Amino acid sequence: MYGFLIGVGVLLLLSIIWMVYRIQTLVSVVKGSDKKIASGSNKVNAILFVLFLVGTTILMFWYSIKEFKNYQLPIASEHGVVTDQLFWITMAVTGIVFLITHVLLFVFPYKYQYKEDRKATFYPDNNKLEIIWTIVPGVVLAGLVISGWMAWSDITAPAPEKAHVVEIMGYQFAWEIRYPGQDNVLGDYDYRLITASNSHGVDFTDKNSIDDFPSSKVVIPKGEPVLFKIRARDVLHSVFAPHMRLKMDAVPGMPTRFWFVPTKTTEEMRAELNDPEFEYEIACTEVCGRGHFSMRKVIEVVEPEAYQKWLVEQKTFIQQNPALAENLNAETKELAEIQISKSKK
């Protein structure tokens, strides 16, 4: 290791000495020295530009092809197809422009390297050219932005009436999941109600909260719309489910939402990837603190019949902790007692 560092240090020292020599040469030229060309380094640098262009282009295409499967994950939602189409259209447009501009950027130093018999052309302006390179990018970018806006508006619009609702709450450093029960309506919540036994801050005076239940993982049905209601308890988090092409910030005091339709069950994806241990997941993509790395929640996609069976088997907050039903009004307490009696059967 020390030998490597010494070698790097020597190389840097030699580079500095060479640059000092070059600077002195250029200063002498500015002062009127007869030595107009210091050496043949001008041609060497021109050739190096072309070699760098070829080398980095080969490296870029090699790496992109080699790692394609790692950054192009299988799609597991309907809107994911639209998202990927937008991504690749944007990549094609920007990629073509990138290649053209950088080929010109590195070829021009070679093509127009200094020659004693060459004189630079004075070309102050061209109105037609400026109009073209203003209007064309404007139209292309407007098309890309409008397409993205339409896709975004669709997934953040009100979900279909029969969408399955799941609340995802982020906090340092985990995700909490809440389901609305058989009525598919989540009860109210209030951060002032958060306690050790009520981490969601659920307001159990709201009748819709009585059948709400927690879950250690996100379970959703294939082929049916699912609405994620997202919030944060403390700092900014971000719900990211890569295979669903789902990403939405969880913002304290400002609930967000995202609806989608899963298209592949967990078992189907395991078969497709030939990976029996595969699991869909939710990760946090905001650096929310020291424990950010641990914010992971499993998503299990099942067939609709299996999902309905799973729903029936879940126990509500009150069934798991009857003490939450204390201090409720008569009507709500009666509903809570019904829930508690069901759990005893």
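Going residue by residue through the range 46-62, is there one that turns out to be over 24 Å from Y112 (Cβ atoms), modelled with pLDDT of 85 or more and either touching a Cys at 6+ places or on another chain (Cβ under 8 Å) or surrounded by 11 or more Cβ atoms within 10 Å (Cβ to Cβ) (or both)?
Scanning the range 46-62, I find at least one residue that is over 24 Å from Y112 (Cβ atoms), modelled with pLDDT of 85 or more and either touching a Cys at 6+ places or on another chain (Cβ under 8 Å) or surrounded by 11 or more Cβ atoms within 10 Å (Cβ to Cβ) (or both), so the answer is yes.
Selection of the range 254-287 for residues being in contact with a Phe, Trp or Tyr (Cβ under 9 Å, 6 or more places away or on another chain) and free of Cβ contacts under 8 Å to residues at least 12 places away in the same chain yields only R270. With respect to (1) touching a Gly at 6+ places or on another chain (Cβ under 7 Å); (2) open to solvent by 100 Å² or more (accessible area, probe 1.4 Å), the lone exception for L86 is condition (2).
Scan the range 154-176 for residues that are open to solvent by less than 40 Å² (accessible area, probe 1.4 Å) and part of a helix (DSSP H, G or I) and the total you get is 2. Applying a threshold of 8 Å to beta carbon distances and a minimum spacing of six or more residues, or different chains, the list of pairs starting in the range 71-91 at a residue that is closer than 17 Å to E281 by Cα and among the hydrophobic types (A, V, I, L, M, F, W, C) and ending at one that is at pLDDT 90 or above and in a loop (DSSP other than H, G, I, E, B) reads I75/R245; I75/T263; A76/T263; A76/K264. Can you list the strands (runs of 3 or more DSSP E) lying wholly within the range 242-313 that have 1 or more residues being of a type in the set (D, E, K, R) and over 23 Å from V82 (Cα atoms)? It comes to 296-302. From the list D188, D212, the one residue that fits, being open to solvent by less than 30 Å² (accessible area, probe 1.4 Å) and modelled with pLDDT under 95, is D212.
Do we have V226 as surrounded by 21 or more Cβ atoms within 10 Å (Cβ to Cβ) and closer than 16 Å to A306 by Cα here? The answer is yes for V226.
Exactly one residue out of A196, A142 is open to solvent by 30 Å² or more (accessible area, probe 1.4 Å), in a loop (DSSP other than H, G, I, E, B), free of Cβ contacts under 8 Å to residues at least 60 places away in the same chain and not charged (D, E, K, R), and it is A196. All conditions but one from (1) modelled with pLDDT under 90; (2) part of a helix (DSSP H, G or I) apply to Q113; the one that does not is (2).
Checked against the criteria, R233 does not count as open to solvent by 20 Å² or more (accessible area, probe 1.4 Å), touching a residue at least 40 places away in the same chain (Cβ under 8 Å), in contact with a His (Cβ under 9 Å, 6 or more places away or on another chain) and at positive phi.
Which of the residues belonging to the range 69-104 are modelled with pLDDT of 90 or more and among the hydroxyl-bearing types (S, T, Y)? Within the range 69-104, S77, T83, T90, T94, T101 qualify.
The values are calculated or read from the model by the stated rules, or taken from the named source; none is laboratory data. These figures come from a predicted structure and were not determined experimentally. Backbone-built Cβ (ideal geometry, glycine too); neighbour counts: all protein chains shown. Note: accessible area is taken over every heavy atom of the protein model, side chains too, but ligands, DNA and RNA are not part of it. Shrake-Rupley method; radii C 1.70, N 1.55, O 1.52, S 1.80 Å.
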